[in-house]
Amino acid sequence: MQELTHFIGGRRVPGRSGRFVDVYEPMTGAVRARAPLASSEEVHAAVANARATQAEWAAVNPQRRARVMIRFLEIMAREQDALAKLLACEHGKTIADARGDIQRGLEVVEFCVGAPHLLKGDYTNSAGAGIDIASMRQPIGVAAGITPFNFPAMIPMWMFAPAIACGDAFILKPSERNPSVPLRLAELMLEAGLPPGVLNVINGDKEAVDALLDHADVEAIAFVGSTPIAEYVYARATGNGKRAQCFGAGKNHMVVMPDADMDQAVDALVGAGYGSAGERCMAVSVAVPVGQSTAKELLRRLTPRVESLKVGLSTDETADFGPLISKAHLDRVQNYISLGVSEGAKLLVDGRGFKMQGYESGFFIGGCLFDEVEPSMRIYREEIFGPVVSVVRAESYEQALALVDQHEYGNGAAIFTRSGDVARDFASRAKAGMIGVNVATPTPLAYYTFGGWKRSFFGDLNQHGPDAFRFFTRTKTVTSRWAGGDREGANFAFPTMS
Ligand code: NAD
């Protein structure tokens, strides 16, 4: 069996803690590798390594740092197919979907090629007589990123590319469930010209995360994962004086108005609800048709589409989605289906009996569809993170909007309508961080920022876009007075420009 490693100081370093975790191939259910779980001493060694290289990396001018990103993009064009296959086999999503995972990460790398421009400061000449003010952005130092299993390429790139472009050193602690792609990305950054030690990968679990959260030399923590852990990481990191951005779960609603283009809405809903087996924080997990006839029409078209979804191997180019990440997660999703039935929701499509012939140990489940879901039910309130859509019927637009607003999560929300007035009202009033108008998965492009509201996000600055360059830098403002300016002698009152 393959034994994975850490990546520290530009090379693969075997784990020394004696603790390991099995890494599965979800479509077969077989163990494909084991990953080391770092001790706090191993994390300390990685931080020391990062710290030792950071100042030198920060001194490399921003254009040269950006050129590493350009070379990385070239290398990734060569490696993309192999990486997509590796990603699909270790995560379970299809290869086509894995390509999207990689591509959306690379788009952030492309944005980071603009680092020299994004890092430019401000300058005011003659703010007072002979006085100039300059404001600059400086690297924060050593930053760390803790990432979830569901986007093993995209989310690490969302974090390490801006941090490194800003002149920081970075320690990535990827999900222990699929660490092979993150390890490979770090190797390829080295090939692209990144000095050893600037990007390190530590594999591990809570012990490694806590060691990062408590280490005095780690200045910033970026986290993406489930809400309880996001909240914990945020509290502990900020309690230790660090800057933190922690992104959590979603329960994204799609409101379908009576005037929606129903074909467009149903196409969008099956893709956003069931793509990647629903294991996306921006998946649509709640559909809200407005009015009984809209509900009837939506379900008339949606139900056969869910029944005929093609569940397949991750390597099957024709599959709509593949297996879930693990047996434990499959059990959890199946338990939610049973719970929904016992809570009184109407299970229109039951995917629990699905078995892939020849792959009976794979972590497969078919698409599931619930109708008559009530806001009081746990299947509505909690994130299931599987191929399950709940239909919650609303009598009016205001009632649909209230559902979005009253849910504890606020990652994304979408509305399908032909009315500009309604769409505009929804975009301005809905309490969610990312809104789609006739777009079910409104994940913003790299040059905008990504982040939810409410308990989907703890922190201030979003991921990627201009916010990432703020998160991974500190501002310094320099006020200078030169000989030609006023000489007023000592002044004991607080200086003003009045
Ligand atoms: P998770 O919370 O189980 O794990 C995320 C990371 O935290 C992993 O690296 C893991 O090793 C670490 N971790 C787990 N338990 C920990 C603990 N007790 N202490 C410290 N660290 C711990 O999440 P997951 O199952 O890998 O990912 C799925 C979740 O991520 C879903 O809830 C999904 O909505 C969310 N997600 C959110 C976004 C977003 O941007 N909002 C994006 C992708 C995924």
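The values are calculated or read from the model by the stated rules, or taken from the named source; none is laboratory data. From a predicted model like this one, the values you see are computed outputs, not experimental measurements. In this analysis, Cβ positions are derived from the backbone assuming ideal geometry, glycine residues included, and neighbour counts consider all displayed protein chains. SASA here: full protein model, heavy atoms, side chains in, ligands and nucleic acids out. Shrake-Rupley method; radii C 1.70, N 1.55, O 1.52, S 1.80 Å.
Remarks
- For the range 120-126, 3J(HN,Hα) computed residue by residue from phi via the Karplus equation (6.51, -1.76, 1.60; θ = phi - 60°) reads 4, x, 10, 8, 10, 7, 6 Hz, glycine and proline entered as x.
- Positive-end residue of Ala427, Leu37, Leu299, charge dipole of the chain with Cβ unit charges: Leu37
- With all protein chains in place and ligands, DNA and RNA left out, the 1.4 Å accessible area ranks Asp371, Asp320, Asp421 as Asp421, Asp320, Asp371, largest first.
- Per-residue [θ]222 nm for the chain (sum of -39500 (n - 2.57) over DSSP H runs n ≥ 4, rounded to 500): -12500 deg cm²/dmol
- Carbon plus sulfur fraction of accessible area for the range 66-172, probe 1.4 Å, in percent: 54 percent
- Whole-angstrom gap from the range 267-319 to the range 456-498, using each part's C-alpha centre: 49 Å
- When +1 charges are put on Lys and Arg Cβ atoms and -1 charges on Asp and Glu Cβ atoms, the dipole computed for the range 91-168 relative to its Cα centre reaches about 140 debye.
- nm² value of the averaged projected area, convex hull over the Cα atoms of the range 143-301: 11.5 nm²
- Net charge of Cβ neighbours under 10 Å - reference Ile325; Lys, Arg +1; Asp, Glu -1: +1
- Our coupling estimate for the range 364-375, obtained by passing each phi through the Karplus curve with A = 6.51, B = -1.76, C = 1.60 and θ = phi - 60°, is 8, 8, x, x, 10, 9, 10, 10, 6, 7, 10, x Hz, Gly and Pro reported as x.
- Surface composition of the range 304-379: carbon and sulfur make up 48 percent of the accessible area, probe 1.4 Å.
- Note on the chain: antiparallel DSSP beta bridges, both residues inside, total approximately 45 percent of the bridges counted.
- Think of a 1.4 Å ball rolled over the protein heavy atoms: the chain then has 40 Å² of accessible area per residue.
- For a paramagnetic label modelled on Asp132 (point 7 Å from Cα along Cα→Cβ), amide N atoms under 12 Å away belong, within the range 463-479, to 478-479.
- 3J(HN,Hα) couplings calculated from phi for the range 429-439 with the Karplus curve 6.51 cos²θ - 1.76 cosθ + 1.60 (θ = phi - 60°) are, in sequence order, 9, 5, 8, 8, x, 9, 10, x, 10, 6, 9 Hz; Gly and Pro show x.
- Here the dipole of the range 342-402 is about 240 debye; that uses its Cα centre as origin and unit charges on the Cβ of Lys and Arg (positive) and Asp and Glu (negative).
- Sorting 431-442, 92-103 by average packing, meaning the other beta carbons within 10 Å per residue, from highest down gives 92-103, 431-442.
- Alpha-carbon centroids, the range 93-141 and the range 1-78: separation in whole Å: 23 Å
- Val21-Asp267 pseudo-label distance in nm [points 7 Å out on the Cα-to-Cβ vector]: 3.9 nm
- A Förster distance of 56 Å, applied to the separation of the beta-carbon atoms of Arg301 and Arg78, puts the FRET efficiency at 0.85.
- Hydrodynamic estimate: the Kirkwood radius of the chain over Cα pairs, inserted into Stokes-Einstein at 25 °C and 0.890 mPa s, corresponds to D of 102 µm²/s.
- Surface listing: Asp81, Asp132 arranged by accessible area from highest to lowest gives Asp81, Asp132, probe 1.4 Å.
- Rounded to the nearest 10 Å², the accessible area of Trp453 at probe 1.4 Å: 130 Å²
- Cleavage-rule hits, trypsin sites (Lys or Arg not before Pro), the range 461-490, DSSP coil, Cβ neighbours within 10 Å at most 10: Arg487
- Global form of the range 284-343, assessed from the alpha-carbon gyration tensor, a/c cut-off 1.5: oblate
- Rolling a 1.4 Å probe across all protein chains gives Arg137 an accessible area of roughly 70 Å².
- Charge dipole (debye, nearest 20) of the chain; +1 at Cβ of Lys and Arg, -1 at Cβ of Asp and Glu: 760 debye
- Taking amide H positions as modeled 1.01 Å from N, with prolines and chain starts lacking one, the residues under 5 Å from Phe457 and 5 or more places away or on another chain are Gly248.
- Solvent-accessible area of Arg184 with every protein chain in place, 1.4 Å probe, in Å² to the nearest 10: 70 Å²
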